[in-house]
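See structure below.
Derivation of every value follows stated rules applied to the coordinates shown; laboratory data play no part. Everything quoted here is computed from the prediction, not taken from an experiment. Positions of Cβ are backbone-derived with ideal geometry, glycine not excepted, and every protein chain shown enters the neighbour counts.
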Amino acid sequence: MSRESKKFGVPDELANLYDFANTLDVRHFTHHGVPHPQADALTNARDLAAWMSHRGLSSISAKITPAMFATAIELRTLIRDYLQCDPLERHGNKDAIRALNRTLKLFPLLVAARDDGGMVLRAAREDALAGLSPIVAEFYDGSRDGTLDRLKMCASDECRRVFFDRSKPSTRRWCMSSLCGNRMKTRSYRERQRNAG
Ligand SMILES: [Zn+2]
């Protein structure tokens, strides 16, 4: 878990997936006159190594090759593409599923018995990218218990942040209604006014 995932009430079981998807910050709205700076926390292999190590994900201290780094970024892109689809439409988005599955295949998991009881999915990879396998395991676990359907991407074009929908009916479309929701509402109101005039 991270400070962000805690702040926004993301279950610990999905925190790595949530944080990984949000290492790319494409928000570019202006709030109180201040433009939000876009950022990518993973611009090279060193960033990725630091990110995994910071989260306790790098169990194997091997070098991340440029090809591995490209695979990691591809995984992030496809995870974001998948989460961008409305949960009800995810299963129908064949292109997103096909592309995601091609990359998920590179992160095989194996079942291991835990010493404190129960079973857990572990990385079958034995190189530096094994650190991303727990993210794939969270994907699977989240789909089993239904929490993955609450992991969504903000509907605002200027935001596209991944958020966890804690609302009872699970119908939230914006990461923060007070921010992205209001901005979108104000804009469509203005557009309606303009069209009416
Ligand atoms: Zn948003």
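At a glance:
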{"item": "Simple label model, 7 Å out from Cα along Cβ direction - Arg98 to Arg114, nm", "result": "3.8"}
{"item": "Cα pair distances exceeding 22 angstrom across the chain, given as percent", "result": "52"}
{"item": "FRET efficiency, His54 to Lys185 (Cβ-Cβ, R0 30 Å, nearest 0.05)", "result": "0.20"}
{"item": "0 to 90° range, to nearest 10: angle between helix 94-104 axis and the chain longest Cα axis", "result": "30"}
{"item": "Förster-model FRET efficiency, 41 Å R0, Thr43 and Ala196, C-beta, rounded to 0.05", "result": "0.35"}
{"item": "For Leu109, residues with placed amide H under 5 Å, excluding near neighbours", "result": "Ala124"}
{"item": "Nitroxide proxy distance, nm - points 7 Å out along Cα→Cβ at His28 and Asp127", "result": "3.4"}
{"item": "Relative contact order [Cα under 8 Å, 6+ residues apart], the chain, whole percent", "result": "22"}
{"item": "Segments 88-95, 145-152 sorted - mean Cβ within 10 Å per residue, highest first", "result": "145-152, 88-95"}
{"item": "Mean Cα-pair separation over length for the stretch 1-94, i.e. relative contact order, pairs under 8 Å, 6 or more apart, %", "result": "18"}
{"item": "Angle in degrees between helix 182-196 and the longest Cα principal axis of the chain, rounded to the nearest 10", "result": "40"}
{"item": "Tail fraction, Cα-Cα pairs, the stretch 1-97, threshold 21 Å, whole percent", "result": "45"}
{"item": "Among 112-122, 127-137, 20-30, the order from most to least packed when residues are scored by Cβ within 10 Å on average", "result": "127-137, 20-30, 112-122"}
